[in-house]
Every structure is written in C-alpha cells, then in structure tokens.
Amino acid sequence: MKVDRPQEDLSDPEGRAIRAFHDRFGGQPDVVVQAPGRVNLIGEHTDYNAGLVLPMAIDRRIVIAARATDDDQVKATSGGHDDLDLDLRGFVGRGRRPAASGWELYVGSAASGVSNHHPSFRQETSLGWEGVVASSIPTGASLSSSAALLVATDRLFAHIAGLQWEPVAAAKRAQRVENDIVGVKTGIMDQLASACGRAGHALSIDCADNSITYVPMPSNIAVIVLDTGTRRELTSSDYNLRGQECQAAAAACGVAVLRQLDDFSPDEIESVTARLDDTLQRRLRHVISENHRTRLMVAALEMGDTTRVGSLLSESHASLRDDFEVSSRALNAIVEAAESAPGIIGARMTGAGFGGCALALVHQQQVQEFMDTTVEAYELATNNLASVYECRAADGAGIRILNQL
Ligand code: GLA
C-alpha cells in the first residue's frame with residue numbers, strides 16, 4: 001500500500017515565517033515565538049492515568065512571527081492552511097462565539113484559555129495580531145504539532161496582553177483547550193514537554209502532580225524518528241475510548257486513577273483485577289507495567305545501560321501492540337525493520353499510536369547505516385516510503401522580541 005500525501009514544507013520555519021511576514025504584511029514582526037514538538041521515549045498512555053512519562057522536546061517546532069494590532073482580530077497565514085481572519089471577541093467573552101473548526105478553533109481557543117485562566121488578565125486588553133505561522137513538525141505524525149501550536153499561541157497572547165508567562169500554567173491551559181474545546185481527552189505530557197523542554201535532556205514527569213525531573217540524554221545515544229508515512233486522526237480514533245476503558249478499570253478496582261494501583265502488592269492487584277473482563281485486564285496490565293518500565297528507563301539512561309534501554313523499549317512496544325492495542329501494521333513493520341538494523345539499541349511506537357511515528361535509540365556512530373537499512377527494510381515489507389531522521393532534545397517554548405510593544 002503506497003500512501004500519497006501532500007509534501008509539507010518543513011524547512012527553516014523561523015526564516016520562512018519572517019520572510020512571509022515581510023511579503024504579506026510589510027516590515028518586521030514585533031516578536032517571534034516558537035514551541036517545539038516532542039517524542040516520548042517511554043511512558044505511553046500513562047499520563048491520563050496520573051502516571052509516569054519520559055518525553056523530550058525536539059528540534060522541530062511551530063514558529064509564529066507576529067505584530068500586535070490594537071483590536072481583537074487575528075489575521076494570519078500559514079503554508080498548510082487557509083488564511084485566518086478571526087474575530088476573537090466571541091472567544092474572550094466579548095460576544096457570541098463563532099462556529100470555528102481547524103486551526104481557527106486552536107487559535108481562538110488559545111485566546112480564550114489565556115483570557116479565562118491567566119490570573120492577571122484584564123478584560124479590556126485587546127489581543128489582536130497579524131502574523132505568519134510556519135512549522136517543521138509534520139502534522140498528524142504523533143510528534144505533537146497541535147500541542148506546539150497551542151503552546152506557541154498561548155505564549156504569543158500572553159506577550160501581547162503584557163502577562164507573565166509561566167510554562168506549567170500554560171501547558172495546563174493548552175491541555176484544557178484540547179480536552180474541553182477540541183474534544184480530545186489528552187493527558188498533559190505533550191503540552192508540558194513543549195512548554196518546559198530543556199536542550200540535551202528528557203523530562204521525567206510524574207503526571208500525578210506534574211513535577212518534572214530533567215534527565216540528561218547520553219551523548220552516545222542518537223534519537224531517531226521513524227515516520228511510517230501513515231497518519232491518524234486523533235479526534236476520530238480510539239484514543240478517547242482508551243481513556244474511558246482505563247477509568248472503567250480503575251472504578252472496578254475501587255481506585256480513582258490507575259496510578260494508585262502502584263501502591264498495591266502483586267497479590268492485591270491479582271485479586272482486584274479478577275473482577276475485570278479480559279480487555280480491561282489487558283489495558284490495566286499495560287498501564288501498570290508501563291509505569292514500572294518508565295522508572296527503570298530513567299535509571300538505565302542514567303547508568304548508560306544500553307542493553308536495558310533496548311529491552312525496555314521492545315517490552316513497551318509489545319505491551320502497546322498486544323495489551324493496549326494502539327499500534328498499527330505500519331508501526332509494527334517499522335519497529336521490526338529498525339530492530340534488525342545495525343546500531344539499534346531499541347525501538348517502539350511513540351505518542352498516541354494508530355499510525356504516525358515510532359522512534360529508535362541508536363548508537364551514535366552507526367546512525368547513517370541504521371537509517372539507510374531501516375528505510376530499505378520497511379519499504380520492502382510495506383511498499384511504503386518512511387521518512388527517518390535524527391532529532392535532538394531541545395528547549396521548550398521561547399520568545400524573541402524584535403520590537404518592544
Ligand atoms: C497523545 C496525547 C498524550 C498521551 C499520548 C499517549 O500524544 O496527547 O497526552 O496520552 O498520546 O501516551
């Protein structure tokens with residue numbers, strides 16, 4: 001099966017945004033904000049169960065070059081979407097909210113998030129801007145382009161309104177938009193990674209209290225994105241269903257969230273899970289074992305134990321494939337191709353699943369050989385062309401001010 005999709009221009013988003021700004025609006029933007037995408041090393045489908053995750057922000061980002069206006073209108077262009085001509089008044093409580101979809105819904109909702117949830121927002125402040133959005137994160141590839149767009153627009157609106165920007169609070173606002181307005185019941189991993197990332201580090205996040213410990217990435221391990229070329233539509237996928245299944249499993253075990261089962265002994269777990277049907281038992285087994293693997297992964301990275309890192313990645317993939325059932329044929333095929341390529345430490349699907357990207361950790365000196373072999377083996381197995389590239393742990397959302405407001 002060959003998948004044809006339109007080529008996105010993912011090169012140099014900051015340069016493209018500034019040049020397009022000049023062509024479209026004339027002169028210079030006041031400000032350039034950016035927010036990165038992420039890969040998740042391990043800890044998948046655990047965040048909405050108050051569990052443990054280990055993502056890193058990557059050197060692929062959404063960039064917005066913008067100039068404030070003195071009204072409530074947003075006029076924006078982006079390579080991949082229709083132009084945006086958005087009246088924010090309905091989003092910030094100054095009128096009726098228009099029926100919005102696509103990226104106008106994201107931008108309008110980010111304005112409503114800042115105006116409703118920032119402690120110092122003053123109702124009379126105008127939030128309008130004109131600008132250009134450019135991205136180096138492929139859309140729908142499980143690299144969190146939507147979280148990055150929300151975090152970047154939150155950063156921009158906070159700047160235009162003259163507000164202090166606090167990354168964890170911004171991540172929570174972005175998650176609320178995704179959950180309440182877009183309707184995808186995500187956890188907080190993607191938004192926290194995009195807002196709080198740190199160059200050279202992964203983020204060990206405990207989603208029970210959103211506390212973050214930064215874990216240095218060993219310099220001899222390369223992180224490779226394995227893009228299957230297939231895409232999923234998160235809203236219409238089984239993602240929300242998995243959340244409901246986890247809640248049902250927790251309720252049947254008499255706990256509020258599955259994370260609480262971490263405090264149970266193996267005997268206690270066996271006795272409470274006996275009440276669950278086979279599907280819920282497998283969902284629960286994934287979440288409990290994945291939290292455990294995430295703890296072990298932090299230790300293995302700190303000790304540079306690549307054998308352990310590799311086996312944890314394959315166990316995680318098998319659990320997502322068999323117990324949580326969120327993998328896909330393409331994801332399984334690319335993980336298998338990667339696992340027999342030279343230099344491999346370990347590979348697994350990353351993000352929500354159902355298509356999109358896997359990741360591989362690879363010995364740094366063998367990156368090129370690894371990538372060439374994996375692309376070839378995947379094409380042979382699926383007749384699909386993979387896009388495979390190295391990414392580096394990057395800083396979270398940032399702002400560059402070119403012209404003080
Ligand atoms: C998506 C969601 C995250 C997380 C992952 C699966 O990326 O946005 O909150 O649940 O799926 O780990």
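Starting from the amide H of residue 39, placed 1.01 Å from N in the peptide plane, find each other amide H under 5 Å away whose residue is 5 or more places distant or on another chain.
56, 58
Just add up the charged neighbours of residue 395: K/R +1, D/E -1, any other residue whose Cβ is under 11 Å from the Cβ of residue 395.
Residues near residue 395 contribute +2 overall.
Compute the FRET efficiency between residue 281 and residue 387 as 1/(1 + (r/R0)^6), taking r as their Cβ-Cβ distance and R0 = 51 Å, and round to the nearest 0.05.
0.90
Using only Cα atoms, find the angle between the long axis of helix 329-339 and the longest principal axis of the chain, and express it within 0 to 90 degrees, rounded to the nearest 10.
Its long axis makes an angle of about 70 degrees.
Which of rounded, prolate, oblate describes the range 141-293, given a ≥ b ≥ c as roots of the alpha-carbon gyration tensor eigenvalues and a/c under 1.5 marking rounded, otherwise prolate only if a/b is larger than b/c?
prolate
Give, in nm to one decimal, the length gained when the segment between residue 75 and residue 221 is fully stretched (0.36 nm per residue of separation minus the Cα-Cα distance).
48.3 nm
Radius of gyration and Dmax for the range 217-391's Cα atoms, expressed in Å?
Values for the range 217-391 (Cα only, Rg and Dmax): 17.4, 50 Å.
Please work out whether the range 1-140 counts as rounded, prolate or oblate from its C-alpha gyration tensor, where a ≥ b ≥ c are the square roots of the eigenvalues and a/c under 1.5 means rounded, while otherwise a/b larger than b/c means prolate and anything else oblate?
Oblate, since a/c reaches 1.5 and b/c is not below a/b.
Say the dipole of the chain comes from +1 at the beta carbon of Lys and Arg and -1 at that of Asp and Glu; which of 64, 384, 366 then lies farthest toward its positive end?
Selected residue: 64.
For the modelled label position 7 Å from the Cα of residue 400 along Cα-to-Cβ, which residues of the range 35-56 have backbone nitrogen atoms closer than 16 Å?
35-36
How far, in nm, would the chain grow between residue 83 and residue 59 when pulled straight, counting 0.36 nm per residue and subtracting the alpha carbon separation?
6.0 nm
Over the chain, average the accessible area per residue using a 1.4 Å probe and give it in Å², no decimals.
Accessible area per residue: 41 Å².
Of 129, 103, which has the most accessible area with a 1.4 Å probe, and how do the rest follow in descending order?
103, 129
For the range 62-185, rounded, prolate or oblate, judged on the Cα gyration tensor with a ≥ b ≥ c (square roots of eigenvalues), a/c < 1.5 rounded, else prolate if a/b > b/c?
Note, shape of the range 62-185 comes out rounded.
If N is the number of residues in the chain, what value comes out of its Cα radius of gyration divided by 2.2 N^0.38 Å?
0.99
Whole-Hz Karplus ³J(HN,Hα) for the range 25-40, in order, using 6.51 cos²θ - 1.76 cosθ + 1.60 and θ = phi - 60°, x for Gly and Pro?
My calculation for the range 25-40 gives 10, x, x, 9, x, 6, 8, 10, 10, 9, 9, x, x, 8, 10, 9 Hz in order.
By how many nm would the segment from residue 247 to residue 311 grow when fully extended, if each residue of separation counts as 0.36 nm and the alpha-carbon distance is taken off?
Gain in length upon complete extension: 20.2 nm.
Which one of 116, 131, 143 has its Cα pushed farthest toward the positive end of the charge dipole of the range 81-145, where Lys and Arg give +1 and Asp and Glu give -1 at the Cβ?
Result: 116.
When the accessible area of the range 217-391 is computed with all protein chains present and a 1.4 Å probe, what percentage of it is carbon and sulfur?
48
Please calculate the 1.4 Å probe accessible area of residue 192, with all protein chains present, and give it to the nearest 10 Å².
Counting only protein heavy atoms, residue 192 exposes about 0 Å² to solvent.
Which loop trypsin sites (Lys or Arg not before Pro) in the range 235-335, with loop taken from DSSP, have no more than 13 other Cβ atoms within 10 angstrom of their Cβ?
Sparse-neighbourhood loop trypsin sites (Lys or Arg not before Pro): 275.
Leaving ligands, DNA and RNA out of it, work out the accessible area of residue 11 with a 1.4 Å probe and give it in Å² to the nearest 10.
60
Spelling out what I want: for every residue of the range 201-214, take phi, set θ = phi - 60°, compute 6.51 cos²θ - 1.76 cosθ + 1.60 (Karplus), and round to whole Hz; glycine and proline get x.
Here the 3J(HN,Hα) series is 10, 9, 10, 8, 10, 9, 6, 6, 9, 6, 7, 10, 10, 8 Hz.
Using a 1.4 angstrom probe on the protein heavy atoms only, line up 269, 181 by accessible area, largest first.
From most accessible down to least: 181, 269.
The values are calculated or read from the model by the stated rules, or taken from the named source; none is laboratory data. Quick caveat, the model's predicted, so the values are computed rather than measured. Cβ: placed from backbone, ideal geometry, glycine included. Neighbour counts: every protein chain shown. Just so you know, the surface numbers come from the protein's heavy atoms only, side chains and all, with ligands and any DNA or RNA stripped out. Shrake-Rupley method; radii C 1.70, N 1.55, O 1.52, S 1.80 Å.
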